[in-house]
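The values are calculated or read from the model by the stated rules, or taken from the named source; none is laboratory data. Since the model is a prediction, treat every value here as computed from it, not as a measurement. Reconstructed Cβ throughout: ideal geometry from the backbone, glycine too, with neighbour counts over all protein chains shown.
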Amino acid sequence: MTDRIIYFGPFNNSKKYDLVQKTMESLKKGEGHRFYYLLPNGELLAKYRMKFIDEVEQSFEINLFTFDDIVNEILNDNIDLTINEFAKDIIIKNSILKLYKKEKIVYFRDAISMDGFIESLGYIIGEIKRSLIHPKDYIETCPDSACFQEIGLIYSEYERELKRLNLIDRESSYFKAIEKLKADGNYFESLDFIIIDEFYDFRPIEMEILKEICKTNIDIYINIPFQTKANMSSINKTITNLQSIGFKKQYVEKKEFNIFETIGQNLFSEETLKFEYNNKLTLIKSPSIYLEFKRIFQEIKSLRKAGMDLSKIAIILLNNDYKDTLFQVAQEENLPINLQIETALKEIPLIKEFLNIFGLMIKKGDRGSIINRIKSNYFTIIDKSYKDEMEFALKNIKFDNIFELNKILEEENSLNISMNNIDTLKNVLNLILSEMNKILYKDSINNYNKIFFEIIDSYNIDNKIKDIYATYKDYDIFYRDTLALEKLKEIIEKMNQISMIIEEISIEDYYLGITKLLEDERILKQNKNSKGIKILNPINSRGFQHDIIFVTGLSGEYYPLLQENNFLLNDRNYIDLLKIKLDYKNYLERLNNESVKFASLIASCKEKLYLSYSEGLNEDSIPSIFLDEIINMFNGEQLEEKFQIINLSLNYLFKDHIKDITTIDELSNYLILNHYENLSEETKEYYRFHNMANKDKLKIINNKIICEYKRNSKSFNEYKGLITEDIINEDIKSFNKNNIYSNTYLESYNKCPYAFLLQRVLNIEKHENDSEEYSNIDIGNVYHEVLRHYYNIYKEDLKESIEDNISFVFEDTIDTLKELVERYSTGIGLNKQYKKDLLIVENIFDRLMNFIKNDIERLFNSKEKLIPYEFELEFGRYGDFSLQTNKGEIKIRGKIDRIDKVLGEEKYVIMDYKSSTYGIYDIDHMSNGLSLQLPIYIMSQKNKDIVAGIYGIVSNGEFQTKLGKIEETKLITKKHKGALDNNQWNELLEITKSNIQQTIDRINSGDFSINPLECSSYCIYKDICRYENVLEVE
């Protein structure tokens, strides 16, 4: 009689030991080849393999497998023609284009060129094939909707292409394995039995393999140690499916349960089981992930000090985002972990430099790529002694691409660079252009591969790596770079697969392929330590037990993550997906699945369980629903009445007790904080130890404290923006002598003297590595130029319409407006062929159309009619305008965006255009010197009776009157803040003159204090000045 048994019982029951003992007996007889032992993950395979080898000497043949291993065994590992993910994308793309040309793609027509669409289709096709659904079956069962139908067409065409090219993808191997099993019923004939342990559900491929095995006479034992009191539908479904192919269920008893097994058994159950306070559970609440781990490692160090073996401790990462912080803290705390620390291959400097060579070609030699190319340490094009100087020189030349730069260097005009540096830059550019010329925009895969191998060889990268090692003696860098180079060459070789699919490819697609193949490649940074802390996740923790377990990331933000965002595979389509027989789990099924894993890992704890989560700095992150479930299982109103609570704050960075200190940095903090309060003999010993470990660290900190003390003292000193050197102040005065000032120059000082010093005096700019695109200033210039041109064209028509009270048909001018927008948008580099640029141009047009429409309505319907009169009116450019103050004459220059004239009167209104509501100032800002613009504009028009100053806001089409003579204009009423009588008006102008004189005096005296009237959150100098005591302007 053949055994087909499901052993179903509670967590950690004894059945697994019985099954292990059964395999041990076979191994001891030398019959390891007579059984298969199937486990769900590689971690368990490694554990069982070591266990079998330790207990059964000279046992070399142990058939420990996962189901994927069986698939490979069935196919005899004959998967040489299995395509990579990029090749799969190319075939899918070609299949769609082929169908599109035949006019069979309508629903997805506009999505074809969208980023991520091909990858999404690849995922969908993969899921369909993992569900073992053939194209024909899919088309016969899918809904009669365009979305589903076209997916079927694409899937069918994709499969035809694979067959034509004699290729398979990874999922095709599942079909082939099942076909082979069905054709050869003797594949498992050498086996006596198969054991399947620690599974609670099976993928379609796994169920199909089981069905085929069930056609033989082999005994099959499946252990499912996941029985709980909750209704776990996923487990019930698995057992039902197994019973349908001939399995019988046997219950496994377990008499004794520890507290954690009891919690696991009762989690998510409708039965109300309540626990009393238990000190074996501890909850850590932290303001950040970093502090969450800092406290965990402090606990682990205490446990180790008490004699606990680190290998008996496990940290469970519920979210992969926690991994980098874990690595950081483990390194800081110098504790070994049983997990490989890896670095993404694409983050290795050598690989970044290689990819930048593509960037030069794809971005047409843009500014950022050139600067990065010059900085290269591996693909070196300039002697390292010149690199910084050349980088600085390039960052101070305004150019967009290599061709502009070449032209600038050829002309050699107005360049603040030595002739030697110009010659060096010319040589460098010639090298870059030579490199770019080798790479065609479109070429065969083989040619591209050949070119890039030649580039690698021409720079002698192998020797560069050895030279770097000889210089720095850092074996880790040597190992990293050697492995990175080897993997890079392998990836270039893998691109050959694409040549079987298409003859030619663009450089962009070739680059996309390289980056896609790089995506999942990682380099070992540090090997796992078998004696270290075990690092697991909810999937690979299955089947393990540990004395101490830390479950991290129990905030609602991180766990459980159950949302599905695919456009086809989502809960809205659940019923349709079921009809197709696609293996898709809806939200409740996904939640149930996570519940099984979570209950299992809680039950795997033996002695003490720590649960932790990060609340965020503002305590705005709520606990996970799973953590809430555990909390609600305990009696008590407050958390402290249920189990131990560790509440952390940011002060945890500074330890109060020496016994809590775990790193040298923490000791530094402790000694500084206790320098005055606790200078005992014991503390002095710590000082001596600290200074031996970190020579001069405290001295450096002390110097910084002196600096901060002076910065925060009441006296105005060199640490607070005061320049005391006479020679520097004389230079500043000399620079400003005979200067013609602009309101922007003066306002920038009043906004923030310190930022003025950095930007206007020292010329410190923020340099970006990426290419410079259009800016808000560029778009603002487009607004100004279009408005100037538009109103000049229609000035007389508007005047006539307003005077005669005849409507002005704005709609008749729209084509002209559109032509102006396109002309000036092209002038700043916007290209409508690119979708992003097209959207920007359309947005500019929409805003200007709304603005002009509202403006015309305002001109006709305001309490006093206005006529656009002058546009972009310059003054003072040639020293023809000045203000007279008590200290002499101050020359001012500027440009007024627009002046309107009151109909029938010699009265005028000044308008300043604003792209957005930023920079809209009122009378108070004008009085304190923050805004000088409107008062200066008014004073510049000595021969005009200016009665008001307004802002025209392009972004929302609004017009705000901020200044007006209440006795001379109806544009402002007494309710307005800026409503002034003639005396107040003149007083404001005198205050403005005084403010301007004071501003110039402060600049000339070296007063660049960190005391801004306005501080922007976007200021590029914030990290330098560190000013915080202000309401920031967005």
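Within the range 172-191, the set of residues being closer than 30 Å to N84 by Cα and either free of Cβ contacts under 8 Å to residues at least 24 places away in the same chain or within 44 Å of the chain's Cα centre (by Cα) (or both) comprises S172, S173, Y174, F175, K176, A177, I178, E179, A183, D184. Being aromatic (F, W, Y), at pLDDT 90 or above and within 30 Å of A111 (Cα to Cα) holds for only one residue in F851, F808, F845, and it is F845. Across the range 321-334, a minimum of one residue is classified as part of a loop (DSSP other than H, G, I, E, B) and either in the same structural domain as T552 (by TED's automatic domain parsing) or crowded, with 20+ Cβ neighbours inside 10 Å (or both). Note on the range 149-171: residues that are farther than 20 Å from I118 by Cα and either assigned by TED's automatic domain parsing to the domain that holds L569 or in contact (Cβ under 8 Å) with a residue 12 or more places away in the chain (or both) total 1. Would it be correct to say that I289 is crowded, with 18+ Cβ neighbours inside 10 Å and farther than 21 Å from S555 by Cβ? So I289 fails the test.
Tell me, which strands (runs of 3 or more DSSP E) wholly within the range 204-296 include 3 or more residues that are closer than 30 Å to I178 by Cα?
Values: elements: 219-227, 248-251, 278-286.
It comes to 219-227, 248-251.
Annotation note: Cβ proximity below 8 Å between a residue of the range 782-805 that is in contact (Cβ under 8 Å) with a residue 24 or more places away in the chain and assigned to a helix (DSSP H, G or I) and a residue that is acidic (D, E) and surrounded by fewer than 18 Cβ atoms within 10 Å (Cβ to Cβ) (sequence gap 6+ or interchain) occurs for H784/E872; R788/E872. If you check Y200, Y221 for being under 41 Å from the mean Cα position of the chain (by Cα) and buried (at least 19 other Cβ atoms within 10 Å of the Cβ), only one passes: Y200.
For the range 920-933, a tally of residues being touching a strand residue (DSSP E or B) at 6+ places or on another chain (Cβ under 8 Å) and outside any helix (DSSP H, G or I) returns 3. Scan the range 19-38 and tell me whether some residue there is without any contact (Cβ under 8 Å) to a residue 12 or more places away in the chain and closer than 17 Å to P225 by Cβ. Checking the range 19-38: at least one residue is without any contact (Cβ under 8 Å) to a residue 12 or more places away in the chain and closer than 17 Å to P225 by Cβ.
Scanning the range 870-880 for residues that are loosely packed, with under 15 Cβ neighbours inside 10 Å and under 48 Å from the mean Cα position of the chain (by Cα) turns up at least one hit.
If the condition is being charged (D, E, K, R) and outside any loop (DSSP other than H, G, I, E, B), then the range 95-144 contributes K98, K101, R109, D110, E119, E127, K129, R130, K136, D137, E140. Restricting Y754, Y709 to residues that are at pLDDT 70 or above, surrounded by fewer than 19 Cβ atoms within 10 Å (Cβ to Cβ) and of a type in the set (F, W, Y) narrows the list to Y709. Screening the range 500-549 for residues that are crowded, with 21+ Cβ neighbours inside 10 Å and among the charged types (D, E, K, R) and picking the one that is nearest to Q227 (Cα to Cα) gives R542. In summary, C214 fulfils each of the numbered conditions (1) touching a helix residue (DSSP H, G or I) at 6+ places or on another chain (Cβ under 7 Å); (2) modelled with pLDDT under 95; (3) surrounded by 15 or more Cβ atoms within 10 Å (Cβ to Cβ); (4) more than 30 Å from L81 (Cα to Cα) with the single exception of condition (1).
Any residue in the range 199-210 that is within 27 Å of V252 (Cα to Cα) and in contact with a strand residue (DSSP E or B) (Cβ under 7 Å, 6 or more places away or on another chain)? Before you say what the answer is, go through the steps one by one.
Let us first name the residues in the range 199-210 that are within 27 Å of V252 (Cα to Cα), namely 199-204, 206-210.
Next cut, in contact with a strand residue (DSSP E or B) (Cβ under 7 Å, 6 or more places away or on another chain) only: 199-200.
Taking every residue of the range 199-210 in turn, at least one turns out to be within 27 Å of V252 (Cα to Cα) and in contact with a strand residue (DSSP E or B) (Cβ under 7 Å, 6 or more places away or on another chain).
Being hydrophobic (A, V, I, L, M, F, W, C) and either in contact with a strand residue (DSSP E or B) (Cβ under 8 Å, 6 or more places away or on another chain) or part of a strand (DSSP E or B) (or both) is the filter here, so list the residues in the range 1-33 that pass it. Of everything in the range 1-33, those that are hydrophobic (A, V, I, L, M, F, W, C) and either in contact with a strand residue (DSSP E or B) (Cβ under 8 Å, 6 or more places away or on another chain) or part of a strand (DSSP E or B) (or both) turn out to be I5, I6, F8, F11, L19.
Being modelled with pLDDT of 75 or more, among the charged types (D, E, K, R), out of contact with any Cys (no Cβ under 8 Å at 6 or more places or on another chain) and within 30 Å of Y749 (Cα to Cα): is that true of K695 here? If you could, list the steps in order and put the result at the bottom.
Details: modelled with pLDDT of 75 or more: yes; among the charged types (D, E, K, R): yes; out of contact with any Cys (no Cβ under 8 Å at 6 or more places or on another chain): yes; within 30 Å of Y749 (Cα to Cα): no.
Here the answer is no, as K695 does not meet what is asked.
Looking across the range 34-52, just one residue is touching an Asp or Glu at 6+ places or on another chain (Cβ under 6 Å) and assigned to a helix (DSSP H, G or I), and that is R34. Condition (residue is buried (at least 17 other Cβ atoms within 10 Å of the Cβ), in contact (Cβ under 8 Å) with a residue 12 or more places away in the chain, in the same structural domain as F11 (by TED's automatic domain parsing) and not aliphatic (A, V, I, L, M)) applied to the range 243-265: is it met by at least one residue? Yes.
Of the residues I125, I139, the single one that is over 22 Å from M207 (Cβ atoms) and at pLDDT 90 or above is I139.
Of all residues in the range 266-277, those satisfying the criterion of being surrounded by fewer than 15 Cβ atoms within 10 Å (Cβ to Cβ) and not β-branched (V, I, T) are E270, E271, L273, K274, E276, Y277.
Any chance the range 349-358 includes a residue that's buried (at least 19 other Cβ atoms within 10 Å of the Cβ) and not in a helix (DSSP H, G or I)? Spell out the reasoning first.
Step one: list which residues in the range 349-358 are buried (at least 19 other Cβ atoms within 10 Å of the Cβ), which gives 350-351, 353-354, 356-358.
Going one step further and asking which of them are not in a helix (DSSP H, G or I), we end up with none.
Looking for residues that are buried (at least 19 other Cβ atoms within 10 Å of the Cβ) and not in a helix (DSSP H, G or I), one finds none in the range 349-358, hence no.
Pairs linking a residue in the range 985-998 that is free of Cβ contacts under 8 Å to residues at least 24 places away in the same chain to a residue that is not small (G, A, S), with Cβ atoms under 6 Å and 6 or more positions apart or on different chains, are W985/K965.
N570 falls short on exactly one of the conditions (1) buried (at least 19 other Cβ atoms within 10 Å of the Cβ); (2) within 30 Å of the chain's Cα centre (by Cα), and that condition is (1).
Does D476 fit the bill of being surrounded by fewer than 16 Cβ atoms within 10 Å (Cβ to Cβ), under 18 Å from Y378 (Cα atoms) and touching a residue at least 40 places away in the same chain (Cβ under 8 Å)? Here the answer is yes, as D476 does meet what is asked.
Among the residues of the range 934-951, what is the count of those that are buried (at least 21 other Cβ atoms within 10 Å of the Cβ) and either more than 52 Å from the chain's Cα centre (by Cα) or in a strand (DSSP E or B) (or both)? Spell out how you get there, then give the answer.
Taking the range 934-951 as the starting set, the residues that turn out to be buried (at least 21 other Cβ atoms within 10 Å of the Cβ) are 934-938, 940, 946-951.
From what is left, the residues that are either more than 52 Å from the chain's Cα centre (by Cα) or in a strand (DSSP E or B) (or both) are 946-951.
Counting residues in the range 934-951 that are buried (at least 21 other Cβ atoms within 10 Å of the Cβ) and either more than 52 Å from the chain's Cα centre (by Cα) or in a strand (DSSP E or B) (or both) gives 6.
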